[in-house]
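Peer 1: Before anything else, here's the structure in question.
The values are calculated or read from the model by the stated rules, or taken from the named source; none is laboratory data. It should be emphasised that the depicted structure is a prediction, and the values quoted were computed from it without experimental measurement. Here the Cβ is made from the backbone with ideal geometry for all residues, glycine too, and neighbour counts use every protein chain on show. Keep in mind that these areas ignore ligands, DNA and RNA; they rest on the heavy atoms of the full protein, side chains included. Shrake-Rupley method; radii C 1.70, N 1.55, O 1.52, S 1.80 Å.
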Amino acid sequence: MIQNKIQIKYEFINKTLFFPDYGILAVGDLHIGYDHMIKQSGILIPERQVKDIISDLRDVFRKIKNSKTGKRIKKVVFLGDIKHAFSYEAEENHEFMEVMKFLKETVDEKNIIFIKGNHDTMDFTYGKMKNYHIEPESGIAFVHGHRSFPEIFNRKVNVIVSGHLHPSIVLAEKPGVKKETYKCFLEGSYKGKTFIVIPSFVGYYEGTPVNDYREDYLESFFILPKKEMLNFKIHVIGKDKVYDFGKIKDL
């Protein structure tokens, strides 16, 4: 964990980020409807994305509840791209409601925060979606990442959390033999603030590899310059723990 001005603690739990002292859980891009889009393209896959989302969230909730810290989830922040299709899809709306029904079993609806992503052209939250969210007590700011806002650079903000990039890493046993892609977190600092980029929560797609990216990949992250991103640390999600893999520029 990178030290920040007031020593805000955070934990990587599966594909999510948890702030135990404040009970805040941050969840990356859901892209509800992604499986339906793949099936429409002619690829036959089981449409179980929402079941997987709920199952994965339930696992995260269980781990936090059973942890020795005794902390609990008080608030959940979704970092944008809640849905996948740019147009309205009734199926996505129905599946979103399924996720909400599950969430409200654990968290008060007023404490479920939705950030607007570039895919969120239709708002299923009935006006609750925000461009960014800042917790005044802790100075933690949440944003999607496709746009920057001056408010998140306020001097009272200590940590900035975002999604959008879908970071992952490609690992190979031997060149040209076998490759595996793993989701990862990116962690760094800029202008005196801790930055954390969370991987996508969607299960079908591991993400865009930070060690095998197109030239414009990091440049699509409009919050800070690409040269700063290259200094970010990589934390790879393994089966039972998260592994440190050094900095992007050293891959």
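Peer 1: Would you mind computing, in nm to one decimal, how far apart the modelled labels at Glu151 and Glu173 are, each placed 7 Å from Cα along Cα→Cβ?
Peer 2: Using points 7 Å along Cα→Cβ, the separation is 5.1 nm.
Peer 1: Where both residues lie in region 139-184, what percent of DSSP beta bridges are antiparallel, nearest 5?
Peer 2: 55
Peer 1: With every protein chain kept in place and ligands, DNA and RNA left out, what is the accessible area per residue of region 107-160? Probe 1.4 Å, answer in Å².
Peer 2: About 49 Å² of surface per residue is accessible.
Peer 1: Around Gly117, under 15 Å between beta carbons, what's the net of Lys plus Arg minus Asp minus Glu among the other residues?
Peer 2: 0
Peer 1: For the pair Glu105 and Lys227, what calculated FRET efficiency results from E = 1/(1 + (r/R0)^6), where r is the Cβ-Cβ distance and R0 = 35 Å, to the nearest 0.05?
Peer 2: 0.20
Peer 1: Past 32 Å, Cα to Cα: identify those pairs from Lys68/Lys179; Lys68/Lys191; Lys15/Lys178; Lys68/Lys193; Lys51/Lys247; Lys130/Lys183, in the order given.
Peer 2: Lys68/Lys179; Lys68/Lys191; Lys51/Lys247
Peer 1: Same structure again: Modelling each spin label as a point 7 Å along the Cα-to-Cβ direction, I'd like the Lys68/Asp123 distance in nm, to one decimal.
Peer 2: Here the modelled spin labels are 4.5 nm apart.
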